[in-house]
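Report on the following structure.
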Amino acid sequence: MRYLVLSDVHANIDAFDAVLADAARHGDLRVLMLGDLVGYGAAPNAVIERFLALPLAAAVRGNHDRAACGLDDAESFNDVARASAAVTAGLLTAAHRDYLKSLPAGPLAISPLTEICHGAPFDEDAYVFDEMDAVYALRASSRPLCLFGHTHAPFAARLREDELEFVDASPGVVITVSPDARLVVNVGSVGQPRDGDPRAGYGVLDEEAGTMTCYRVEYPVERAQARIREAGLPEALAMRLALGR
Ligand code: ZN
């Protein structure tokens, strides 16, 4: 099975459309969605509509999905995130709110090789940034490959016989997935990248070939920024898209 891996779309329809257009060159893919379809961006309904039309393999919820549909009170959010959760909740249609409510918590095993989660396999809200986090995540994962999101930055690490190895997750670099090692991969964010590269991120997993590859694609950032300003969302959310921070 071959998969299109999407994470942290964050209601950015311009980035999402660019990713879907670019991903078409990889042929038929089924979708794995790692959470945070909405929040921060201005087009939650358009993103969910587009998403529901895709051939879905599996999806998990993110913390912003929970806040937008009322499963979480956003108490732990900073001011900007809380403001965006309130605007998003106001924009969502009842059907889309119900869809977000129906999303399962990760981790979710999708095959003998792969599981997906939003933050980390031991806690859907935990962030995997560094060596220590990666070791915890690798030990907690139940499959050779654990795909995660939440930090909005591409990242990959492998554990083989207690040896941790950081793996290059740069665009186009083919990462080997094998049943005899443990691997965690973050493909980055579709709608709000934070690694200094403003281009939208996604990944392609080919389970038969045992490969995982991250990609980046340019999209009309100004259009997404204009939507954010029109929706009355905090200006910081528009500015950061241009910086990829
Ligand atoms: Zn996110």
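The values are calculated or read from the model by the stated rules, or taken from the named source; none is laboratory data. Computed from a prediction, not measured in an experiment: that's the story for all the values here. Every residue, glycine as well, gets a Cβ built from its backbone with ideal geometry; the counts of neighbours run over all protein chains shown. Heavy atoms of the whole protein, side chains included, go into the accessibility calculation; ligands, DNA and RNA do not. Shrake-Rupley method; radii C 1.70, N 1.55, O 1.52, S 1.80 Å.
At a glance:
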| read-out | value |
| --- | --- |
| Qualifying residue in the range 123-132 (condition: in contact with a strand residue (DSSP E or B) (Cβ under 7 Å, 6 or more places away or on another chain), at positive phi and crowded, with 19+ Cβ neighbours inside 10 Å) | no |
| Candidates Val177, Val184, filtered to the one that is more than 14 Å from the ligand (Cβ to nearest atom), open to solvent by less than 60 Å² (accessible area, probe 1.4 Å), under 14 Å from the mean Cα position of the chain (by Cα) and at negative phi | Val184 |
| Matching residues in the range 98-126 - criterion: being outside any loop (DSSP other than H, G, I, E, B) and more than 19 Å from the chain's Cα centre (by Cα) | Asp98 |
| Test: residue in the range 213-230 that is assigned to a strand (DSSP E or B), hydrophobic (A, V, I, L, M, F, W, C), open to solvent by less than 40 Å² (accessible area, probe 1.4 Å) and in contact (Cβ under 8 Å) with a residue 60 or more places away in the chain | yes |
| Ala126 being aliphatic (A, V, I, L, M) and more than 16 Å from the ligand (Cβ to nearest atom) | no |
| Yes/no for Arg182 being closer than 27 Å to Glu49 by Cβ and without any contact (Cβ under 8 Å) to a residue 60 or more places away in the chain | no |
| Selected residue (criterion: most open to solvent (accessible area, probe 1.4 Å)) from residues of the range 133-155 that are free of Cβ contacts under 8 Å to residues at least 40 places away in the same chain and among the hydroxyl-bearing types (Ser, Thr, Tyr) | Tyr136 |
| Residues of the range 188-212 classified as surrounded by fewer than 24 Cβ atoms within 10 Å (Cβ to Cβ), in a strand (DSSP E or B) and in contact with a helix residue (DSSP H, G or I) (Cβ under 7 Å, 6 or more places away or on another chain), total | 1 |
| Selection from the range 60-81 of residues that are part of a helix (DSSP H, G or I) and surrounded by fewer than 16 Cβ atoms within 10 Å (Cβ to Cβ) | Asp79, Val80 |
| In the range 14-31, the residues that are within 16 Å of the ligand (Cβ to nearest atom) and more than 28 Å from Ala109 (Cβ to Cβ) | Ala15 |
| Residues of the range 82-102 classified as surrounded by fewer than 22 Cβ atoms within 10 Å (Cβ to Cβ), touching a Leu at 6+ places or on another chain (Cβ under 8 Å) and closer than 28 Å to Met1 by Cβ, total | 2 |
| Total residues in the range 19-31, condition within 12 Å of Val190 (Cβ to Cβ), touching a strand residue (DSSP E or B) at 6+ places or on another chain (Cβ under 8 Å) and open to solvent by 10 Å² or more (accessible area, probe 1.4 Å) | 1 |
| Identity of the residue in the range 32-57, part of a strand (DSSP E or B) and open to solvent by less than 10 Å² (accessible area, probe 1.4 Å), that ends up farthest from the ligand (Cβ to nearest atom) | Leu32 |
| Tyr219 at pLDDT 95 or above, closer than 17 Å to Tyr3 by Cβ, of a type in the set (Phe, Trp, Tyr) and in contact with a Lys or Arg (Cβ under 9 Å, 6 or more places away or on another chain) | no |
